[in-house]
Every structure is written in C-alpha cells, then in structure tokens.
Amino acid sequence: MNQETDRERWQRNFADLLQELRVAQTGVQILFAFLLTLPFSSGFPDTTDFQRDIYVVALLAAAAAAAMIISPVAFHRVLFRQGRKPDLVRFAHRMASGGLGFMLIAMVSSVLLVTDFILPRSVAFVLSGVTGIWFLTFWVGLPFVHRSWVRDDDDEWSDDAQIQLLRDPTR
C-alpha cells in the first residue's frame, strides 16, 4: 500500500475541505440571497413583529455562515506559498464547523419564519424543532456514531485501503 507523506496528507485534507466548503457555500449563498430579497416582496409588510425578529436572526445567521464558510479562501490567499498548509487546514476546519452551526440557525429560523407566516405558531414551533433535530441528526449525530465504528491512525481511510476492503471485505 502507498504511504502518503505528511505534506501529501495535509494537501489531501485541504482538497477534501474545499470540496465540502463548495457544497456548503452554495447552500448558504442561496439561502442568504432569498433572505435578502424577502423584505422587498409584497407579503413582507403583513409580517408580525415576531416574524420580523426571526427574519433578522435568519439573515444575520446566514451572513455569519457565509463569512465563515468563505473565510478559508482569504486565509489561503494570505498564507499562499508559505508552507503553512497545516495551519490552513486547521483554520478551515474550524471555520467550516462554525459556518455549519450558523447555517443550522439560519435554516431553522427560516423554516420558523415561513411556517409561522402560513400556519399557527404552535405548529410552526413544532415543525421548526423537528427541522432542527433533523439537521442535527444528519450533521452531528450520524457522523459521530459512524466515527466510532471504524478508526485508523488518520481517522480516514486512504482510497487504496477502501478499494482493498471493497475487494476483500474479510481483511
């Protein structure tokens, strides 16, 4: 099996993080754009004070998520060609995690805003709570449960190790 160097591992980790950030960035940008246009829609004047407060929470959380998820790009520009890939990967990991946290707040707040506008408030709270639990299940619960199933030194399997396991599951 091919052993990667520390430099190759950091480069692979950074490439993996960039792919993850691309997915998250698209989602947060779409939500942020929707929230930015909402006050200009014809129904917005009909919102209650509570709904406007929830809107502000959702908008600010989406802005914070966008800032954190995009920040590794700026960090990379500043550290470019300084041989500090480990610092970049650690920073990007923290920013991605924080950005996902703010995205969770933005998503649940957006669901609460919309459902409170069209449904009774009690139903809106229940649906928003279920939405939050749903996100936490897939973003936190399942990854941590799966993480404890199989572990190796790097907490990740190389592509070669995964291919070997698929070819011979008894290994």
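The values are calculated or read from the model by the stated rules, or taken from the named source; none is laboratory data. If you're wondering where the values come from, they're calculated on a predicted model, not measured in any experiment. All Cβ positions, even for glycine, are placed from backbone atoms using ideal geometry, and neighbour counts span all protein chains on display.
Would you check if residue 115 is without any contact (Cβ under 8 Å) to a residue 40 or more places away in the chain, exposed (fewer than 15 other Cβ atoms within 10 Å of the Cβ) and over 30 Å from residue 6 (Cβ atoms)?
Here the answer is no, as residue 115 does not meet what is asked.
If residue 12 satisfies every condition in (1) modelled with pLDDT under 75; (2) out of contact with any helix residue (DSSP H, G or I) (no Cβ under 9 Å at 6 or more places or on another chain); (3) surrounded by 13 or more Cβ atoms within 10 Å (Cβ to Cβ) but one, which is the exception?
It fails just one condition, (1).
Evaluate the following for residue 83: is it small (Gly, Ala, Ser) and at pLDDT below 95?
Criteria met by residue 83.
Looking at the structure I just gave you, is residue 65 of a type in the set (A, V, I, L, M, F, W, C), closer than 30 Å to residue 11 by Cβ and surrounded by fewer than 17 Cβ atoms within 10 Å (Cβ to Cβ)?
The answer is no for residue 65.
Are there any helices (runs of 4 or more DSSP H) wholly within region 98-171 with 1 or more residues that are of a type in the set (S, T, N, Q) and at pLDDT 95 or above, and if so which?
Helices (runs of 4 or more DSSP H) meeting the threshold: 121-136.
With the requirement that a residue be part of a loop (DSSP other than H, G, I, E, B) and within 19 Å of residue 90 (Cβ to Cβ), what does region 1-29 give you?
Answer for region 1-29, where residues must be part of a loop (DSSP other than H, G, I, E, B) and within 19 Å of residue 90 (Cβ to Cβ): 4, 5.
Given the conditions (1) more than 30 Å from residue 6 (Cα to Cα); (2) surrounded by fewer than 18 Cβ atoms within 10 Å (Cβ to Cβ); (3) of a type in the set (A, V, I, L, M, F, W, C), report the number of the one that residue 78 does not fulfil.
Only one criterion in (1) more than 30 Å from residue 6 (Cα to Cα); (2) surrounded by fewer than 18 Cβ atoms within 10 Å (Cβ to Cβ); (3) of a type in the set (A, V, I, L, M, F, W, C) is unmet by residue 78, namely (1).
Could you list, in sequence order, the residues of region 32-62 that are surrounded by fewer than 20 Cβ atoms within 10 Å (Cβ to Cβ), closer than 18 Å to residue 107 by Cβ and not aromatic (Phe, Trp, Tyr)?
Residues satisfying the conditions are 33, 36, 37, 38, 51, 53, 56, 57, 60.
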